[in-house]
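The values are calculated or read from the model by the stated rules, or taken from the named source; none is laboratory data. Quick caveat, the model's predicted, so the values are computed rather than measured. Neighbour counts are summed over all protein chains in view; Cβ atoms, including those assigned to glycine, are modelled from backbone coordinates with ideal geometry. For the accessible areas, the whole protein counts, side chains as well, though only heavy atoms, and no ligand, DNA or RNA atoms are used. Shrake-Rupley method; radii C 1.70, N 1.55, O 1.52, S 1.80 Å.
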Amino acid sequence: MAKRLRVAVNGFGVIGKRVAEAVRRQDDMQLVGVCDVTTDWRVRIVEAQDTALFGSTSETAAAMRQAGLQVAGTLQELLTQTDIVVDCTPKRIAAQNVETYRSAGLKFIVHGGEKHTVTGHSFVAEVSFASAIGREATRVVSCNTTSIVRTLTALKRAGLLQRARGTLLRRATDPWESDAGGIMNTLVPEPEIPSHQGPDARSVDPDLDVVTMAVKVPETLAHLHYWSVQLSRRADKEEVLEAFRASSRIALIRTGDGLGALNSVKELMADIGRAHDNLYEVALWEDMLRVESDEVFYAYMVDNQAIVIPDTIDAIRALSNLAATADDSIATTNASLGIRQRFF
């Protein structure tokens with residue numbers, strides 16, 4: 001068996017724990033350890049997963065040991081044992097870690113909380129895999145941006161996309177910290193139009209004509225997008241649906257099957273045995289989609305805890321030359337995570 005790529009995960013929170021789980025599922029990768037700063041339940045699960053735990057600094061490692069955790073060392077020690085680092089630390093922390101990774105001569109990945117300039121490259125597997133091959137670093141874009149690029153790329157590749165305008169209903173916070181933040185009994189509009197997701201999508205594909213508006217809503221399950229897209233020509237509903245079906249990471253769902261709300265889709269993910277109830281796909285309502293002449297209107301759900309996980313795995317392969325093409329990597333990742341275009 002070929003030697004597996006050694007992968008380290010820095011930050012074991014919402015994204016980090018899911019990236020670590022996904023890496024463990026890859027035949028061409030080995031999770032050598034995870035690094036964090038906490039001593040609570042979030043890292044105590046690491047011991048049960050037979051994964052080496054590291055503290056970000058010697059002081060952090062000492063505090064972890066004092067709390068009864070088995071600690072293998074510090075971040076600096078973890079970096080000597082790995083080929084690539086996936087940074088899943090909170091927004092703006094990853095940018096501070098970049099020089100540490102470069103000094104260690106390591107490839108690295110950051111996520112959408114950081115700016116495009118941190119790596120000079122933004123990643124969605126279906127669009128920018130080829131340009132990431134062999135690079136030192138890339139940024140896997142945010143959950144909402146990932147969904148935008150996936151869906152608009154599907155229309156673009158079918159020769160149907162002219163311009164897109166979207167309204168994003170954004171969850172208030174992550175479910176695990178709903179007791180500590182979020183909003184109640186109000187809606188909070190993002191103060192600028194366009195909201196940041198449209199320009200961010202163009203960091204992946206500069207040719208996209210996309211404008212987004214966003215509002216934070218008092219729920220924590222997932223994001224909901226509504227889109228009005230001007231097509232390049234007249235088309236019927238089936239042609240538009242065929243364009244979406246061409247993406248292996250867009251799953252068509254139906255309100256007629258009882259999947260009429262975010263909570264029912266999340267419950268379905270639990271019922272089919274997904275780890276953490278993960279929805280890796282863009283879940284797009286096919287029976288809600290409408291076409292009027294050369295305009296299409298549709299809505300979809302985005303699981304902000306899960307949608308970037310498969311793209312992160314593909315980014316690891318691209319930077320490390322583990323796959324020659326996006327299709328090769330996407331197929332491998334999809335199979336390992338059970339990603340599908342239909343749930344039943």
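Numbers below:
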| item | result |
| --- | --- |
| Per residue, in Å², the accessible surface of the chain once ligands and nucleic acids are set aside, probe 1.4 Å | 42 |
| Measure of compaction for the range 207-263 (Cα Rg per 2.2 N^0.38 Å) | 1.41 |
| For Val308, solvent-accessible area (1.4 Å; no DNA, RNA or ligand), Å² | 10 |
| Alpha carbon Rg of the range 161-204, scaled by the compact-globule rule 2.2 N^0.38 Å | 1.50 |
| Most to least packed among 199-205, 120-126, 96-102 [average Cβ atoms within 10 Å] | 120-126, 199-205, 96-102 |
| Computed lengthening from Thr80 to Arg233, 0.36 nm per intervening residue step minus Cα-Cα distance | 49.6 nm |
| Accessible-area composition of the chain, carbon plus sulfur, in percent [1.4 Å probe] | 49 |
| Three-way shape label, the range 257-344, alpha-carbon gyration tensor, a/c 1.5 | oblate |
| Within the chain, helix-based [θ] at 222 nm, where runs of 4 or more DSSP H residues each add -39,500 (n - 2.57), nearest 500 | -10000 deg cm²/dmol |
| Solvent exposure, largest accessible area first (probe 1.4 Å, DNA, RNA and ligands not counted), of Glu219, Glu238 | Glu238, Glu219 |
| Kyte-Doolittle mean at least 0.5 and Cα axial length at least 15 Å: DSSP H helices in the chain | 308-319 |
| Reference-scaled alpha-carbon Rg (2.2 N^0.38 Å with N residues) for the chain | 0.99 |
| Cα-based reach from Lys3 at 15 Å (exclusive), listing aspartates and glutamates while leaving out same-chain residues under 8 positions away | Asp27, Asp28, Asp83 |
| Cross-link pairs beyond the 26 Å C-alpha cut-off, checked among Lys115/Lys216; Lys156/Lys216; Lys107/Lys266 | Lys156/Lys216; Lys107/Lys266 |
| Sparse-neighbour loop sites [trypsin sites (Lys or Arg not before Pro); the range 293-344; at most 10 other C-beta within 10 Å; DSSP] | Arg342 |
| Alpha-carbon centroids, the range 52-116 and the range 144-208: separation in whole Å | 29 |
| The chain: most fluctuating residue of Asp27, Asp236, Asp50 per GNM, C-alpha cutoff 10 Å | Asp50 |
| Debye log10 I(q)/I(0) at q = 0.12, 0.19 Å⁻¹ for the range 124-187, Cα point scatterers | -0.52, -0.88 |
